[in-house]
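Peer 1: Dropping a structure here in structure tokens format, bear with me for questions.
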Amino acid sequence: MIAQAIGGNLDYAVMLGYFVAVLGFGLYFGRYTRTTKDFFFGGQRFSWWLIAFSCVATVVGSYSFIKYSAAGFRYGISSTQSYLNDWFWMPILVLVWLPIVYYNKITSVPEYLESRFDRKTRIAATVIILFYIVGYIGINLITLGRTLHTLLGWQVMTGAIVTAVAVALYVYIGGQTAVIMTDLVQGIILLVAGMGLFAAAIYHFGGFGDFWALLPRAHKYAFSEFNAPPKFSFIGIYVQDGLANTGALMLMHQGFIMRFLSLKSVKDSRRMVVCWILVLAPLAAIATSCGGWIAKALVKNGELVTEPGDSFVKAAHFLCAPGVFGFVLAALTAALMSTADSLINAVSAIFVNDIWRPYIKPNSDDKHYLRVARITSLAAAALGLALVPIFMKDTIYGAHSMFTAAVTPPVLVAILFGITWKRYTPAAAFVTIVGGAILIGLSFVWPDVLVGPFDFGMGPDSYKFMRALFGLLAAGTLGVSVTWFTKPKAAEKIKGLVAGTQLDAMRRFKGGTPNRRPGEKVRLITRFDPKLAGQNVVIVPQSALDKMAADPGDLLYASHIRWWYGGLRSVHVKAGTPIESKDENIVRISPEDAASAHFTEGQQVVVEKIM
Amino acid sequence: MDMLRVWPIVCEFGIGAILCIVGIWCGLRGGYLNLKNAEDRRLLLILVGGYFFMLGIMCIFTFLSPNWANGGTL
């Protein structure tokens with residue numbers, strides 16, 4: 001890392017201003033958090049585009065700009081390959097995992113594992129997932145600590161502490177709503193900053209062709225070579241990132257599950273996923289990596305001297321005017337905060353829903369659990385900070401890869417088999433998780449014996465990546481083997497929890513047969529009706545029901561007419577039986593449902609059928 | 001042709017195809033993905049289209065892009 005601080009006072013002022021603005025923005029949304037459902041899942045009300053930006057902001061951690069720019073400097077555009085594996089998981093995510101989680105109202109992966117298998121599997125998974133998320137928090141904090149060290153000359157630990165306190169504070173007050181709303185801002189900023197930097201570089205070099213010509217030929221391939229170099233081979237990156245890490249992000253990352261559960265409907269998840277994976281993720285790949293490509297071209301042109309680890313910051317400093325550089329630094333801060341906030345909220349959700357509520361203090365009121373959730377948010381940030389000194393011994397890329405490759409495979413395999421294979425048994429799931437974790441642990445003791453056979457001739461330098469392949473195969477083999485010799489759970493007990501039974505989960509969610517007839521949205525005027533209190537029902541005219549292709553008893557969603565609220569002011573309700581009325585454009589709603597949606601009397605709202 | 005550059009595409013899109021087929025098959029089982037429904041048909045089209053879109057991008061940046069601006073063949 002460079003020894004001296006770079007950037008001017010104006011840059012630091014912009015960065016500080018941004019930091020304070022996001023903190024205030026997050027704290028403002030604390031008023032939308034009244035229950036644990038709001039704290040963890042934002043009240044299940046948000047639109048697809050809001051969650052898509054939020055997911056990108058969560059995927060792009062502060063380590064991303066540093067890590068991928070360093071890889072881009074060393075290896076070229078193949079630094080984006082980690083971001084381009086996600087699509088292959090989409091069918092499993094959209095058609096299997098999301099409907100199972102959403103319609104069963106499952107709040108965490110361990111909760112799913114208990115419903116699908118048994119309690120001991122839940123406990124084993126809880127331990128591993130908590131370890132995984134807290135470790136992730138530590139990696140994020142150390143990256144920003146190192147970046148602030150480079151920029152401001154602060155001690156790494158000081159930078160980590162400052163950001164941890166800020167993030168923990170707004171998660172403490174605002175919960176998931178604060179996380180989603182600040183992530184929207186941060187997602188936009190990090191994409192604009194990264195793409196803006198790329199555009200500035202193209203302009204500086206005189207066009208894309210001139211920029212491209214400055215890159216070495218080996219830097220112009222989408223993938224690195226199949227098994228070279230050992231620290232950045234295609235197969236190493238693919239098994240660690242494309243399979244283990246991406247699979248874990250999609251299926252076992254509590255932060256993402258909470259995002260999915262914040263959506264207003266499963267239908268919205270389809271749009272969200274397409275926008276996220278096909279549009280925003282490739283942009284994020286360019287935004288995070290381009291610093292390295294630009295730095296490489298500048299070095300070739302004799303305009304810059306830099307090390308890979310500093311390539312992003314130095315390229316940005318070279319190209320940006322004072323103040324604009326501060327904006328780019330703000331994007332780095334945004335990346336950290338938007339990832340760490342999700343993780344802190346996720347630890348809180350798992351602790352409350354999988355440890356505190358079932359084992360320590362069951363049957364307490366919601367206020368108690370909300371208080372515990374908030375305190376846990378602070379504790380999670382503190383635990384992440386405690387891990388910073390441990391991760392300081394490795395490079396960020398190395399620490400991140402080693403950590404995800406070692407921790408994720410057993411739980412990922414258990415979830416994947418659990419949702420796609422009815423025959424998969426509770427005993428097999430437990431052995432997959434515990435046995436897989438033990439075997440991966442042993443691979444640190446005897447790496448040549450256990451990981452060596454899977455290294456594709458690359459040697460020990462590749463082990464931190466190839467350990468993911470060993471872990472996936474070991475856990476998978478254990479799972480399949482034990483399944484053949486043990487008894488599966490009765491089909492009746494796993495209805496709605498495994499592929500082929502998603503419609504059962506839908507029926508359970510609605511409390512009746514789902515209505516999937518295509519309909520339209522309608523605009524109606526609210527009228528408060530105290531007689532509907534406690535029923536979560538609205539009365540809409542028959543004409544509106546016909547337009548929505550809805551029937552009494554169907555699940556409806558009423559929201560503010562301004563789309564850019566993204567569902568912040570909205571509510572899920574059931575359609576009641578229409579009554580004869582002269583007013584053809586009135587929706588009767590209970591005052592409590594209206595308050596939950598932040599509606600006023602006489603306000604125009606959009607109503608649509610969910611199912 | 002440099003097979004060290006081709007194997008990554010074969011590997012990523014081969015295993016990717018298996019993952020996609022498993023997901024779509026799991027959606028079709030039990031009727032959750034109902035091809036009589038226009039919305040579901042559109043989703044299937046997007047999933048398959050996305051796969052080929054990614055494949056196209058990767059092929060461009062493997063077989064074509066290295067030759068831009070400085071000539072030569074793979």
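The values are calculated or read from the model by the stated rules, or taken from the named source; none is laboratory data. Since this is a predicted model, take the numbers as computed values, not measurements. Cβ placement follows ideal geometry from the backbone for every residue including glycine, while neighbour counts extend to all protein chains displayed.
Peer 1: Name the helices (runs of 4 or more DSSP H) wholly inside region A:411-519 in which the number of residues that are closer than 19 Å to A:D118 by Cβ is 3 or more.
Peer 2: In region A:411-519, the matching helices (runs of 4 or more DSSP H) lie at A:426-445, A:463-485.
Peer 1: Kindly establish whether A:K120 is touching a residue at least 60 places away in the same chain (Cβ under 8 Å) and in a loop (DSSP other than H, G, I, E, B).
Peer 2: No; evaluated as a whole, the condition is false for this residue.
Peer 1: Can you name the condition, by its number, that A:F117 falls short on among (1) out of contact with any Gly (no Cβ under 8 Å at 6 or more places or on another chain); (2) more than 14 Å from every other protein chain (Cβ to nearest Cβ); (3) modelled with pLDDT of 85 or more?
Peer 2: Of everything listed in (1) out of contact with any Gly (no Cβ under 8 Å at 6 or more places or on another chain); (2) more than 14 Å from every other protein chain (Cβ to nearest Cβ); (3) modelled with pLDDT of 85 or more, A:F117 misses just condition (1).
Peer 1: Here's another thing I want to ask about it. So which residues in region A:479-494 are surrounded by fewer than 23 Cβ atoms within 10 Å (Cβ to Cβ) and either under 28 Å from A:Y238 (Cα atoms) or in contact (Cβ under 8 Å) with a residue 12 or more places away in the chain (or both), if there are any at all?
Peer 2: If the condition is that a residue be surrounded by fewer than 23 Cβ atoms within 10 Å (Cβ to Cβ) and either under 28 Å from A:Y238 (Cα atoms) or in contact (Cβ under 8 Å) with a residue 12 or more places away in the chain (or both), then A:V480, A:S481, A:V482, A:T483, A:T486, A:K487, A:P488, A:K489, A:A491, A:I494 are the ones that fit.
Peer 1: Right, here's the next one. Out of the residues in region A:180-223 that are hydrophobic (A, V, I, L, M, F, W, C) and more than 28 Å from A:Q81 (Cβ to Cβ), state the one that is surrounded by the most Cβ atoms within 10 Å (Cβ to Cβ).
Peer 2: Once the filter is applied, the top-ranked residue is A:I180.
Peer 1: Suppose we keep only residues that are assigned to a loop (DSSP other than H, G, I, E, B) and under 23 Å from A:D504 (Cα atoms) within region B:1-34. Which one would you say is farthest from the other protein chains (Cβ to nearest Cβ)?
Peer 2: B:N34
Peer 1: A further question on this structure: Kindly check whether there is at least one residue in region A:534-541 that is in contact (Cβ under 8 Å) with a residue 60 or more places away in the chain, crowded, with 19+ Cβ neighbours inside 10 Å and over 29 Å from the mean Cα position of the chain (by Cα).
Peer 2: Yes: one or more hits.
Peer 1: Among A:V192, A:V167, A:V171, A:V162, which is the only one that is aliphatic (A, V, I, L, M), under 12 Å from A:L23 (Cβ atoms) and more than 18 Å from the chain's Cα centre (by Cα)?
Peer 2: A:V162
Peer 1: Of these, A:K521, A:K547, A:K609, which one is closer than 30 Å to B:L35 by Cβ, within 14 Å of chain B (Cβ to nearest Cβ) and at pLDDT 90 or above?
Peer 2: Result of the check over A:K521, A:K547, A:K609: A:K609.
Peer 1: If B:F52 satisfies all but one of (1) more than 9 Å from chain A (Cβ to nearest Cβ); (2) at negative phi; (3) modelled with pLDDT under 90, what's the number of the condition it fails?
Peer 2: With (1) more than 9 Å from chain A (Cβ to nearest Cβ); (2) at negative phi; (3) modelled with pLDDT under 90 applied to B:F52, the lone miss is (3).
Peer 1: Next question, about the same structure. Looking at A:L95, A:L50, A:L27, A:L84 in this structure, which one is touching a helix residue (DSSP H, G or I) at 6+ places or on another chain (Cβ under 8 Å) and at pLDDT 90 or above?
Peer 2: Within the list A:L95, A:L50, A:L27, A:L84, the selection yields A:L95.
Peer 1: Regarding A:T526, is this residue free of Cβ contacts under 8 Å to residues at least 24 places away in the same chain and not in a helix (DSSP H, G or I)?
Peer 2: Here the answer is no, as A:T526 does not meet what is asked.
Peer 1: Residues A:S338, A:S311, A:S342, A:S348: which one is crowded, with 24+ Cβ neighbours inside 10 Å, in the same structural domain as A:L144 (by TED's automatic domain parsing) and either over 30 Å from A:Q176 (Cα atoms) or over 24 Å from the mean Cα position of the chain (by Cα) (or both)?
Peer 2: Going through A:S338, A:S311, A:S342, A:S348 in turn, the sole match is A:S311.
Peer 1: Given the residues A:V587, A:V573, which is the only one that is out of contact with any His (no Cβ under 9 Å at 6 or more places or on another chain), closer than 30 Å to A:G175 by Cα and in a strand (DSSP E or B)?
Peer 2: A:V573
Peer 1: On to the next question. Sort out which residues of region A:242-256 are within 11 Å of another protein chain (Cβ to nearest Cβ) and either farther than 16 Å from A:I415 by Cα or not in a helix (DSSP H, G or I) (or both), and write them in order of number.
Peer 2: Within region A:242-256, just A:G242 meets the criteria.
Residue-by-condition table, conditions (1) among the β-branched types (V, I, T); (2) outside the structural domain of A:M252 (by TED's automatic domain parsing); (3) touching a Phe, Trp or Tyr at 6+ places or on another chain (Cβ under 6 Å):
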{"position": "A:L385", "(1), (2), (3)": "no, no, no"}
{"position": "A:F417", "(1), (2), (3)": "no, yes, yes"}
{"position": "A:T425", "(1), (2), (3)": "yes, yes, no"}
{"position": "A:A429", "(1), (2), (3)": "no, yes, yes"}
{"position": "A:I440", "(1), (2), (3)": "yes, yes, no"}
{"position": "A:F444", "(1), (2), (3)": "no, yes, no"}
{"position": "A:P447", "(1), (2), (3)": "no, yes, yes"}
{"position": "A:G459", "(1), (2), (3)": "no, yes, no"}
{"position": "A:K464", "(1), (2), (3)": "no, yes, no"}
